[in-house]
Amino acid sequence: MIEVILLSFLSAFLLPLFFRFNKKLPGIISTLVAFFLFIYFASTLPTILSGNVIKESTPWFPAVGINFSFYLDGLSLLFALLITGIGTVVFLYASKYMEDYKYSARFFVYLTSFMASMLGLVLSDNLILLFIFLELTSVTSFLLIGFKHEKESSRYAALQALIVTGTGGLILFAGIIAIGIIAGTFNISDLLSNQQLIVQHSAYGLILFTFLLGAFTKSAQFPFHFWLPSAMEAPTPVSAYLHSATMVKAGVFLLARMNPILGGTELWQNSLILFGTITMLFAILTAVKQTDLKKILAYSTVSILGTLVMLIGIGTDFAIRAMIITLIAHAIYKATLFLISGTIDSQTGTRDVTKLRGLKDKMPITFATAILAMLSMFGIIPFLGFIGKETLLDSVIRSGLYFPFLPIIVFVSSVFVIAVASIVVLRPFLFAFKKTPRDVTEAPFRMWIGPALLSLLGLVFGISATYSLTSIVNSVSASIFNFNSDYTIKLWYGFNLNFFLSVLIVLVGLVFYRYRNIFIKIVSHSAIINYVKPSFWYDKFISGLNKLATTQTSLLQTGFLRHYIIIIMLAFIVFVGYTFFRNIPLSEINPNFNSTTYEKILAGVIVISAFFVVKAKSRLYAIISMGVVGYSIAIIFVLYGAPDLALTQFAIETLSVILFVFVLYKLPKYQNFSHPTRRMRDFLIAGSSGLIITLIVFYVTSIQLQSEVKKFFSETSLPIGMGRNVVNVIIVDFRALDTLGEITVLGIAAIGVFSMLKLILREEKN
Amino acid sequence: MYSIILSSTTRIVTPLLLLFSFFLLIRGHNEPGGGFVGGLVAATAFLLYLIAFGVLRVKRLLRIEPLFLIALGLLITLVSSLFGLFFQEEFMKGFWLKEEIPILGKFGTPFLFDIGVYFLVIGVILKIIFSLAEEDKD
Amino acid sequence: MEALLAIVIGVLYTAGIYMMLRRSLVKVIFGLVFLGHAANLLIFTLGRITTGKPPFVAAGATSVVEPFADPLPQALILTAIIIGFGVQAFAIILFKKAYHTVGTDDVDKMNSTDRIE
């Protein structure tokens, strides 16, 4: 599986090359890639449905248990099929939709990378790997939302989505690390076999909190939902793909995946039901008020995501099955509707439902497709949506949780779903044609074929549910529950309570649709919805953060170099000095001044030259004294067994003097700018720092040192490093990576010098 | 500032210094020396030439742009590090030839790494000094 | 000798920090050089010093015979010396450019770009 993911990433980065041959190639090739992946995953269906799982692992960082481990079971296969299947349709659609954009190759690079990341996410068996792919989907989503980056609103929306989902992801990371510490493994499949471990740990609440935040931000649950409607700035294929069918379901996937590991507790159940229900109701109420087709669809997506979270929270096998069916049905009809909204937008020039009327005659195929998708969203028999709605109602009532509030809320929001579906489909297509900004024609082939097939799929799956869906739903619920379930899905259960409720929902929904304006008026005047605006608090938070940063920076960044140094040195004196004197009694500092005359003279020369440099009245004296200090240090290296250092120091000191001399006669005259009292203050700070360092060295050198590293290097230098000069072996072999970094820095310094001087030259010439 | 003594000494000393730097480089793995010191000494040799004859002459002597030496040095160190990956081993793993090569002695990827360092150091020092010297000229 | 070196290190640090607190940019650069020397000596001394026994494997032996100087601090310092030179060169040129542009080497007159109002 690692090959498949690598291949997808690789193909993403190769797309710009094809763009050079033909501007249409990237779209076509990425469609083929998605289709190929779909076939690949479909070919594993028999294996997975017969109850097996496919596991693969390639070592990456085995020492800390991070590996490229992949795990294909029912749940991940379902997602992989959705990602690649809907992906194929979206890519095909986009290959036409994005044709005229200037940077279409870039678009397909992002979109294909997203697909690869999303596949990696659902296939990961390793929590760290899962986190990495989760972040990759956030990053690619950021790039795609901000695709029209010349628009202010696009940039704002992209950043908002990145901050919200990225923050959630980082918090999730803390939870993942905690699980790794508690369980000693990051492997999901290992965790699955030891389910009680995390749940019974005292940190369970905290871990659950991080996972919920990660999932809720990603899946746009209240109060983090606001980024999703903003994300509609993205080109429509992106909205259909990322922000409806796949990426926003990553949170749901995470919850489903972790259900056996973190689920089953009251805390889990209640928090999922609470947030899921609030999201479900709140979002669908907001959706009705919108006029932008995409915004309506976005809010209704948020609502469905809430429903899915709630169903996972209820957690009975009926609820999980309802979740899976709703997820499939929603992915299919919502992707279709999004693509249709894109078609309407590109054919008519507007997405405002108040401006669209009677498109049915101009766009018959699109109309038929839209009707099919709408019927599935309505939950009309024999569409897949019908089974979804039936099982949803059934599981909510059957669970008996929060009776009668939960069933009532589900009923109300279902009514609103009908209204929303009607607004999206009936309103623009029915009635007499109203003139639009552009002359309306039917969509081109590549833009209608995909949605049409998808919408038919909703019908086919509905009719054939018993045969086509039973085994996959059982397989998926087996991976969510971690046991084998054996249940037959049926389209028709007879005239029972759920059926009558379904019918009632559709009827009430249609009536509501007819008189929705009354509702909108009431809501817009009275509802608390206007006060509950997380996006408002998000803006407040971001601007507050900026203000804080400005205040803090202007406080610390005064523009005076010496202030910075004084702050650093005072901190050093206070913290290091305090720690040192508190822990080491002065009586333990017994410096040993035994030394030969040469050594005394050498030390004296350095101290005196240093003093000369500080006191020198002319630059030349300072430079010469500086040179004396350097050469004396080289002699110290000679005396204490470091010939390599001595050689280097001599060479560098020579170069350094030459360098100073080159610049010397352009240097300004040596001047004393500062006041004597200030010099006194500076001397006190510098002197105390120097004194503390001296005392520390006194103390440290009086302790015997047994260096294992020294022993290791001396013993392995010849046998492994093939060299007798241990220092050089360390530099070019044992610690060569360090050296590589250092010489890179050197190279950059040289280029920096060069460019600075060239800049001066060019300015002079102008 | 032309000086006969300086220029005639330089003519002899520069090749000697270059030879010495090469000597430091190849014996660096077993005796004091190595790419860093060798590179510094080689740079000093060119520097001496620069002081005696000026920046144009030394550029003619060197023939290559110092920036090229920097890039070459980095490339050599990188290539020497990549050997490990080619042979399914760790990055930067050292490989040595079985037989000794005349003059150079034992040859392996760490030695290649040292050669890269040697070129880079020459390039860096010369680039800095050349930039300064050229600016003075303008 | 360690005690003497400790004093030398302290003096070098004092000189370095004092010079970096001056207003004249040339002195600040000298301060930077001092700090480099001081840090190198500090690492050298903290690795313990051994008189006259460089870390070389003698002919015929397979490992270095005790006592000998610790090679690791030496390797670290060797690259540090050269990096220090790079930084020094960069600082000198930066100073040149700044002096050229602003017309003074008084650090206090160069702070307008760094201050946040």
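Panel order for A:R321, A:R678, B:R27, A:R257, by other beta carbons found within 10 Å of each beta carbon, from fewest to most: A:R678, B:R27, A:R321, A:R257. Listed by chain and number, the lysines whose alpha-carbon sits under 24 Å from that of A:K435, ignoring those within fewer than 8 places in the same chain, are A:K289, A:K294, A:K295, A:K355, A:K360, A:K362. Kirkwood radius, the stretch B:4-137, all distinct C-alpha pairs, inverse of mean reciprocal distance: 15.9 Å.
The orientation-averaged shadow of the Cα convex hull for the stretch A:54-205, equal to a quarter of the hull surface, comes to 10.6 nm². The share of C-alpha pairs in the protein assembly as shown whose separation exceeds 58 Å stands at 33 percent.
For a straight C-alpha distance cut-off of 15 angstrom, the aspartates and glutamates reachable from A:K547 (same-chain residues fewer than eight places away being disregarded) are A:D539, C:E117.
When the Cα gyration tensor is reduced to axis lengths a ≥ b ≥ c, the ratio a/c is 1.5 or higher for the stretch A:302-350, and with a/b above b/c it is classed as prolate.
Over all projection directions, the Cα-based convex hull of the stretch A:271-526 averages an area of 13.8 nm².
Think of it as helices only: each DSSP H run of n ≥ 4 in the protein assembly as shown is worth -39500 (n - 2.57), and spread over all residues that comes to -24000 deg cm²/dmol at 222 nm. By the rule of a C-alpha distance below 27 Å, with chain neighbours fewer than 8 residues away ignored, the lysines paired with B:K93 are A:K710, A:K711, B:K106.
Which pairs, out of A:K102/A:K148; A:K615/C:K109; A:K334/A:K434; A:K24/A:K96, put more than 20 Å between their alpha-carbon atoms? Among A:K102/A:K148; A:K615/C:K109; A:K334/A:K434; A:K24/A:K96, the Cα-Cα distance tops 20 Å for A:K615/C:K109; A:K334/A:K434.
Give me the Debye-computed log₁₀ of I(q)/I(0) at q = 0.09, 0.11, 0.18, 0.22 Å⁻¹ for chain C, equal point scatterers on Cα only, no solvent, two decimals. After summing over all Cα pairs, the log10 values are -0.39, -0.53, -0.96, -1.19. Counting only Cβ charges, +1 for Lys and Arg and -1 for Asp and Glu, the dipole size of the stretch A:376-529 around its Cα centre is about 620 debye. A simple rule links phi to the HN-Hα coupling: the Karplus curve 6.51 cos²θ - 1.76 cosθ + 1.60 with θ = phi - 60°, which for the stretch B:8-25 gives 6, 5, 4, 3, 7, 6, 4, x, 4, 4, 4, 4, 4, 5, 5, 4, 4, 4 Hz, with x for Gly and Pro. Arranged from fewest to most other beta-carbon atoms within 10 Å of their beta carbon, A:W227, A:W60 become A:W60, A:W227. All Cα-Cα distances of the stretch A:131-261, cut into 10 Å bins from zero to the largest, leave 13, 42, 26, 14, 4, 0 percent in each bin in turn. What the phi angles of the stretch A:410-415 give under the Karplus curve with 6.51, -1.76 and 1.60, with θ = phi - 60°, is a coupling list of 4, 4, 4, 5, 5, 4 Hz, glycine and proline written as x. The mean number of partner chain beta-carbon atoms within 10 angstrom of a residue's beta-carbon across peptide B:111-123 is 4. For peptide A:566-573, the mean count of partner chain Cβ atoms within 10 Å of a residue's Cβ comes to 1.
Whole-Hz Karplus values for the stretch A:650-658 come out as 4, 4, 5, 4, 4, 4, 5, 4, 4 Hz, taken residue by residue from phi with 6.51 cos²θ - 1.76 cosθ + 1.60 and θ = phi - 60°; glycine and proline positions read x.
Every number in this text was worked out from the coordinates using simple rules, so none of it is lab data. Because the structure is a prediction, the values reported are computed rather than measured. When we count neighbours, we look across all protein chains shown, and the Cβ atoms used for this are built from the backbone with ideal geometry, even at glycine.
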